[in-house]
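Engineer: Supplied in structure tokens, the structure appears directly below.
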Amino acid sequence: MKFSLIQAGELDPEVLRQWLALRHSNAIYDSPYYHPAFTVIAGHARADTRVLLCEENNRLTGVWPFHALNAFRAVSIGGFLSDYQGPIRQSSSDWEMSRVLAAMQCRHFGFNHVPAELSDFKSHAWIESQSHTLDLTGGYDAYVQRLAEKRDASLMKKVATNERKLAKKYGELRFDMQSSDLGDYQALLKGKSQQFERTVGAAHDIFRLDWVRQVLEEIRLVKEPGFAGMLSTLHAGDTLVAAHFGMRSEKVLHYWFPWYDTTYAEFSPGLVILAQCAKHAAQLGLTSIDLGRGDQAYKLRFATGANALCEGAISSPAMIAMAQAGVYRSKQLLKQSSLGQQLRKLRQAAG
């Protein structure tokens, strides 16, 4: 097993071809995050983009794109934008992590969206989570049937009722699964920035970062069969009431940045646009919508499945990650204790 480190700009056509072959060898890599196009675009926006190549018998058996922040720390490709992380490699391949870190020229790699199926990462995990999905195999009607059996049989009826009420009050509804309207895209970005300002403060608005804007803009412009940006929009009359920006691979739409105008909140336009995406997905050959990690109410209502993920860190020496895991577990114990609950109540009262 031989490791080599290159910059994203050094990826040649043969490496890209073998990368795609590795992706297609295992369904856990169906997400567009694992497509080389995502790494190439991140490389355009960030000079710290690197790709670790693993070869056996002169054949590529693994690739791991990441950002080398400094000589100590590396993070997943796309940083906090990435909802799926870790190497793309042959399913039979486990790596000795200390050797891998040396090849990456760093000492610490933290992760929070690595598939739990990657056992050599799971053994370094502190906690497990999941990314909720809509199984659209067989089309929309088959999905609705699965949803009725697993979740809420009345959900789509409620969504349809809101659609009728919204149309009656504000004008005929118009949904576009794959819009190229620049004005609607800019409206979504503005709306998401305002959402960040309301909820966590302007200082934490990721859309103010130049590299984030560049990555999203480049993804928006890609329209290849295996990888494309996806702007979906919902209008009532001439007014944009909801939008979503994400990206797709051959089969998977990753539901990334949904937004709706709060003026129309009583009609649940966020649920309406997600239902419309599910309804029209088959037209693009999509068999799954991935909602990303988290247990928000809308995800639980629409999901018919989930992908298991894990969170943790690898380090050299290993005691760095072990100490970090200890701190994390101590914080979790404090949160669950009676003292932690009392402190939380005090913070809420002070806020």
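The values are calculated or read from the model by the stated rules, or taken from the named source; none is laboratory data. None of the values given here were measured: they were computed from a predicted structure. Cβ: placed from backbone, ideal geometry, glycine included. Neighbour counts: every protein chain shown. Heads up: the accessible areas ignore ligands, DNA and RNA and are worked out on the full protein's heavy atoms, side chains in. Shrake-Rupley method; radii C 1.70, N 1.55, O 1.52, S 1.80 Å.
Engineer: Could you check region 108-224 for helices (runs of 4 or more DSSP H) lying wholly inside it with 1 or more residues that are more than 22 Å from Leu274 (Cα to Cα)?
Structural biologist: The qualifying helices (runs of 4 or more DSSP H) are 119-122, 182-199, 210-221.
Engineer: Return a yes/no flag: does region 65-72 have any residue that is assigned to a strand (DSSP E or B), closer than 28 Å to Leu221 by Cβ and touching a Cys at 6+ places or on another chain (Cβ under 9 Å).
Structural biologist: yes
Engineer: Just the residues that are open to solvent by 10 Å² or more (accessible area, probe 1.4 Å) and within 24 Å of the chain's Cα centre (by Cα), please, taken from region 95-109.
Structural biologist: His108
Engineer: Hey, any hits in region 233-242 for a residue that's assigned to a helix (DSSP H, G or I) and either open to solvent by 10 Å² or more (accessible area, probe 1.4 Å) or farther than 29 Å from Ser154 by Cβ (or both)?
Structural biologist: Checked against the condition, which is being assigned to a helix (DSSP H, G or I) and either open to solvent by 10 Å² or more (accessible area, probe 1.4 Å) or farther than 29 Å from Ser154 by Cβ (or both), region 233-242 yields no hits at all.
Engineer: For region 39-55, give me each residue that is in a helix (DSSP H, G or I) and in contact with a Phe, Trp or Tyr (Cβ under 7 Å, 6 or more places away or on another chain).
Structural biologist: Ala45 - this is the single residue of region 39-55 that is in a helix (DSSP H, G or I) and in contact with a Phe, Trp or Tyr (Cβ under 7 Å, 6 or more places away or on another chain).
Engineer: Restrict the check to region 116-126 and report whether at least one residue is surrounded by fewer than 19 Cβ atoms within 10 Å (Cβ to Cβ), touching a Gly at 6+ places or on another chain (Cβ under 9 Å) and under 22 Å from Gly294 (Cβ atoms).
Structural biologist: yes
Engineer: Which pairs do you get when a residue that is farther than 22 Å from Leu69 by Cα, found in region 80-102, comes within reach of a residue that is assigned to a loop (DSSP other than H, G, I, E, B) and open to solvent by less than 50 Å² (accessible area, probe 1.4 Å), reach meaning Cβ atoms under 6 angstrom, with the pair 6+ apart or on two chains?
Structural biologist: The qualifying pairs are Ser91/Asn26.
Engineer: Among the residues of region 220-232, what is the count of those that are open to solvent by 30 Å² or more (accessible area, probe 1.4 Å) and of a type outside the set (D, E, K, R)?
Structural biologist: 3
Engineer: Is it the case, given these coordinates, that Ala187 is open to solvent by less than 80 Å² (accessible area, probe 1.4 Å), more than 18 Å from Thr262 (Cβ to Cβ) and touching a residue at least 24 places away in the same chain (Cβ under 8 Å)?
Structural biologist: No, not satisfied.
Engineer: Do we find a residue being open to solvent by 10 Å² or more (accessible area, probe 1.4 Å) and part of a helix (DSSP H, G or I) anywhere in region 252-262?
Structural biologist: Yes, region 252-262 contains a residue that is open to solvent by 10 Å² or more (accessible area, probe 1.4 Å) and part of a helix (DSSP H, G or I).
Engineer: When region 74-92 is examined, which residues are found to be open to solvent by 10 Å² or more (accessible area, probe 1.4 Å) and in contact with a Gly (Cβ under 8 Å, 6 or more places away or on another chain)?
Structural biologist: Within region 74-92, Val75, Asp83, Gln90 qualify.
Engineer: For region 8-52, what are the residues that are touching a residue at least 40 places away in the same chain (Cβ under 8 Å), open to solvent by 20 Å² or more (accessible area, probe 1.4 Å) and under 23 Å from the mean Cα position of the chain (by Cα)?
Structural biologist: Within region 8-52, Leu20, Ser25, Asn26, Ile28, Asp30, His35, Ala37, His44, Ala45, Arg46, Arg50 qualify.
Engineer: For residues that are part of a helix (DSSP H, G or I), open to solvent by less than 40 Å² (accessible area, probe 1.4 Å) and touching a strand residue (DSSP E or B) at 6+ places or on another chain (Cβ under 9 Å), tally how many sit in region 272-303.
Structural biologist: Within region 272-303, residues that are part of a helix (DSSP H, G or I), open to solvent by less than 40 Å² (accessible area, probe 1.4 Å) and touching a strand residue (DSSP E or B) at 6+ places or on another chain (Cβ under 9 Å) number 9.
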